[in-house]
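One structure is given below, encoded as structure tokens.
The values are calculated or read from the model by the stated rules, or taken from the named source; none is laboratory data. All of these numbers come straight from a predicted model, not from anything done at the bench. Ideal geometry is used to build each Cβ from the backbone, glycine not excepted, and the neighbour counts take in all protein chains shown. Each accessible area value is taken on the protein alone, full model and side chains, heavy atoms only, with ligands, DNA and RNA left out. Shrake-Rupley method; radii C 1.70, N 1.55, O 1.52, S 1.80 Å.
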Amino acid sequence: PAPARWGGGRSGVAVRILQQQGFAVAGAVVRLTDADDTVQAAKDAAKDLGIECVTLNASELASQLAEEALPGDLRFPALLAAADRLGIQYIATGHHARVETDADGVSHLLPAADAASDESAALAALPQETLAPGTPPLLR
């Protein structure tokens, strides 16, 4: 999996958890503008964690998704599309939320155990089929 965004320590924690679970991990950052300093911060964090960091260009992702006529918030669809092109099976978001799978194999997005830090609303619009069980929340 690739942490989908570099949110400070949470992304580093997500990387370590996934590595401990046996995943090969890479990082990804979306460049929003030419002056986006997030890219260098992500590359530095990835280097400190000993992982590769891929830079994705937001304008290219948006134009590719516009051609596919995907509605709504394009951030996660853009990351999922890029992951497919790069052969990445899962994306770890680092958001404070839970994904649990019921007896029928259906994954459900649930609030974080700590309600004060819950960020499940940021992932709520994702289709059920993109959710994968795991900690941190994983997207397929």
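Within the stretch 96-124, count every residue that is within 28 Å of residue 54 (Cβ to Cβ) and touching a Ser or Thr at 6+ places or on another chain (Cβ under 7 Å).
Residues in the stretch 96-124 being within 28 Å of residue 54 (Cβ to Cβ) and touching a Ser or Thr at 6+ places or on another chain (Cβ under 7 Å): 7 in total.
Kindly indicate which of 74, 65 is at pLDDT below 75, of a type in the set (A, V, I, L, M), out of contact with any strand residue (DSSP E or B) (no Cβ under 9 Å at 6 or more places or on another chain) and over 18 Å from residue 131 (Cα atoms).
65
If a residue has to be of a type in the set (A, V, I, L, M, F, W, C), part of a loop (DSSP other than H, G, I, E, B) and under 19 Å from the mean Cα position of the chain (by Cα) to count, how many in the stretch 104-126 make the cut?
Residues meeting the conditions: 4.
Can you tell me which of (1) open to solvent by 50 Å² or more (accessible area, probe 1.4 Å); (2) modelled with pLDDT of 85 or more; (3) among the hydrophobic types (A, V, I, L, M, F, W, C) is the one residue 45 doesn't meet?
Every listed condition holds for residue 45 apart from (1).
If you go through the stretch 90-103, how many residues are assigned to a loop (DSSP other than H, G, I, E, B) and either of a type in the set (D, E, K, R) or open to solvent by 60 Å² or more (accessible area, probe 1.4 Å) (or both)?
Result for the stretch 90-103: 3.
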